[in-house]
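In what follows, a single structure is set out as structure tokens and then discussed.
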Amino acid sequence: MIITDILFFLLIGVLAGWLAGKLLKRRGLGFFVNLIIGCIGAFIGGVLLEFFDITIYGLLGEFVAAVIGAVILLWLICLFMRK
């Protein structure tokens, strides 16, 4: 059970990082960068949704939270990289 949870987390992280890159018009970031952005984004998204008292359910909810967090993370990275 733990192995499948980890695999789903990594899969959601990769997909969320890839989708966030596409939404922010970034070109191919690569598998590992997408994985890192997506996994950190999943944490950020989960914290933000909990802060606003929004409850998520299932894989789709986790994916949405990860994409929200990954978009915010990439936006912040782009903001600080310009300066």
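Points worth noting:
- The range 28-56 residues that are free of Cβ contacts under 8 Å to residues at least 60 places away in the same chain and within 13 Å of I12 (Cα to Cα), paired with ones that are among the β-branched types (V, I, T) and surrounded by 11 or more Cβ atoms within 10 Å (Cβ to Cβ) (beta carbon under 6 Å, 6 or more apart): N34/V14; L35/V14; G38/V14; G45/I68
- One residue stands out among those in the range 26-72 that are assigned to a helix (DSSP H, G or I) and of a type in the set (D, E): the one that is surrounded by the most Cβ atoms within 10 Å (Cβ to Cβ), which is E62.
- For the range 57-69, residues that are of a type outside the set (V, I, T), within 13 Å of L15 (Cβ to Cβ) and out of contact with any Phe, Trp or Tyr (no Cβ under 7 Å at 6 or more places or on another chain) total 5.
All of the numbers you see were taken from the coordinates with simple rules; none came from a lab. Quick caveat, the model's predicted, so the values are computed rather than measured. Note that we place each Cβ from the backbone using ideal geometry, even for glycine, and neighbour counts take in every protein chain shown.
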